[in-house]
């Protein structure tokens, strides 16, 4: 019986250890989108309709293109890292076309779910054991909402939207974003963040029933200053 | 047999109480652990599968709220059912113990001579038969 006990404990320990090693990511993770098959390591997640994500690769460079026509789907990459140790995330994005204003008349001003479309979104997801406690930082490029605004998603209180770029000033130009997700999380939620578990990208137009186009490139995840 | 019918479901206080709680918690604790594990396992797997946080909130949270409501309604019913079953089971063990003890007291005191009779569905019948053989 004691042998069985020891074996059981050892088995659980090995499984947990295996989980930690298998899921620990090599950091920093860099996505240059230079190869045609760069999207193979990403998972496609469809919400409403399918956005066309494709890698536009040339001989020397490349980027990720997203064209959304009345659709909302994203690409998703699982990566575990500690935002306290490696808090930086950076990427380049370029908006070519913004979603149009909602054709749906809002009943109440606060019901802004109908206009919850952004030309470009970059997510950092902080999963918890209980799925409903999972928190998300969502960096967006919006047409109107002022830069620096932090909103709570109309879909769920645990999704905080941080407007990084606003308006058409930089349209059709690559803009580099570098964020300290540890600080952003604390500012948005007023809490210490747990481990980050995934990143995602989405260009969506389902709520406004319009079209949008944006490009993404040079995504770098989980590093600190001087280690990029 | 009918004359031995017990109307009171709590007869052998401390022993039955122990048995009752043992059976009750032996059913409730594993059931509770399995429910919580399955609940979070299923919803977490679904959440990871859906991926996009808005989609999780839009599709999964309402489902979870409905499931929570169903659980809130069914848990008290399930607890009552488990309690009734535990009471019945503990009664089937504590009842014969009470009868054995009472009859043996009466036999020792010389006020009873006949065999110890247990109810049809009572447990410990073999033990009663052996005692009956011994005191014959």
Residue that is farthest from the other protein chains (Cβ to nearest Cβ) [pool: residues in segment B:33-43 that are touching a helix residue (DSSP H, G or I) at 6+ places or on another chain (Cβ under 9 Å) and more than 23 Å from residue A:76 (Cα to Cα)]
B:35
Taking the residues in segment A:42-89 that are closer than 13 Å to residue A:198 by Cβ and assigned to a loop (DSSP other than H, G, I, E, B) as candidates, determine which candidate is farthest from the other protein chains (Cβ to nearest Cβ).
A:83
Scanning for something loosely packed, with under 10 Cβ neighbours inside 10 Å and at pLDDT below 90, does segment A:23-41 turn up at least one residue?
yes
Do any residues in segment A:125-146 that are more than 7 Å from chain B (Cβ to nearest Cβ) and in contact (Cβ under 8 Å) with a residue 12 or more places away in the chain have Cβ atoms under 6 Å from those of residues that are part of a loop (DSSP other than H, G, I, E, B) and crowded, with 22+ Cβ neighbours inside 10 Å, where the two are at least six apart or on different chains, and which pairs are they?
A:127/A:134; A:128/A:134; A:140/A:118; A:141/A:119; A:142/A:118; A:143/A:98
Check A:128, A:147, A:186, A:135 and return the single one that is more than 30 Å from residue A:60 (Cα to Cα) and under 13 Å from the mean Cα position of the chain (by Cα).
A:135
Reported set for segment A:162-178 where residues are out of contact with any helix residue (DSSP H, G or I) (no Cβ under 9 Å at 6 or more places or on another chain) and under 15 Å from residue A:83 (Cβ atoms) is A:178
Out of segment A:24-35, which residues are touching a residue at least 24 places away in the same chain (Cβ under 8 Å) and not in a strand (DSSP E or B)?
A:25, A:27, A:28, A:32, A:33, A:34, A:35
Does segment A:179-193 hold any residues that are at negative phi and either out of contact with any helix residue (DSSP H, G or I) (no Cβ under 9 Å at 6 or more places or on another chain) or in a helix (DSSP H, G or I) (or both), and which are they?
A:179, A:180, A:181, A:182, A:183, A:184, A:185, A:186, A:187, A:188, A:189
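Listed residues B:46, B:79; which is surrounded by 11 or more Cβ atoms within 10 Å (Cβ to Cβ), farther than 20 Å from residue B:15 by Cβ and within 14 Å of chain A (Cβ to nearest Cβ)?
B:46
Going through segment A:153-176 one residue at a time, which ones are buried (at least 16 other Cβ atoms within 10 Å of the Cβ), away from chain B (no Cβ under 14 Å) and in a strand (DSSP E or B)? Break it down into steps so the answer makes sense when it comes.
The initial filter retains those residues of segment A:153-176 that are buried (at least 16 other Cβ atoms within 10 Å of the Cβ), namely A:153-156, A:158-166, A:171, A:175.
Restricting the remaining residues to those that are away from chain B (no Cβ under 14 Å) gives A:163-166, A:171, A:175.
Scanning segment A:153-176 gives A:163, A:164, A:165, A:166, A:175.
Could you list, in sequence order, all residues of segment B:49-59 that are surrounded by fewer than 19 Cβ atoms within 10 Å (Cβ to Cβ) and either farther than 16 Å from residue A:77 by Cβ or facing chain A (nearest Cβ under 7 Å) (or both)?
Narrowing segment B:49-59 to residues surrounded by fewer than 19 Cβ atoms within 10 Å (Cβ to Cβ): B:49, B:58-59.
Hits for segment B:49-59 are B:58, B:59.
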Within segment A:79-122, how many residues turn out to be in contact with a helix residue (DSSP H, G or I) (Cβ under 8 Å, 6 or more places away or on another chain) and either under 22 Å from residue A:45 (Cβ atoms) or modelled with pLDDT of 90 or more (or both)?
7
Which of (1) surrounded by 13 or more Cβ atoms within 10 Å (Cβ to Cβ); (2) assigned to a helix (DSSP H, G or I) does residue B:119 not meet, given it meets every other one?
(2)
Search segment A:84-105 for residues that are crowded, with 16+ Cβ neighbours inside 10 Å and pair each with any residue that is modelled with pLDDT under 85 and outside any loop (DSSP other than H, G, I, E, B) when their beta-carbon atoms are under 6 Å apart and the residues are at least 6 apart or on different chains.
A:102/A:114; A:102/A:115
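The values are calculated or read from the model by the stated rules, or taken from the named source; none is laboratory data. None of these values were measured; they are calculated from a predicted model. Because the Cβ atoms are built from the backbone with ideal geometry, glycine has one as well, and the counts that use them run over all protein chains shown.
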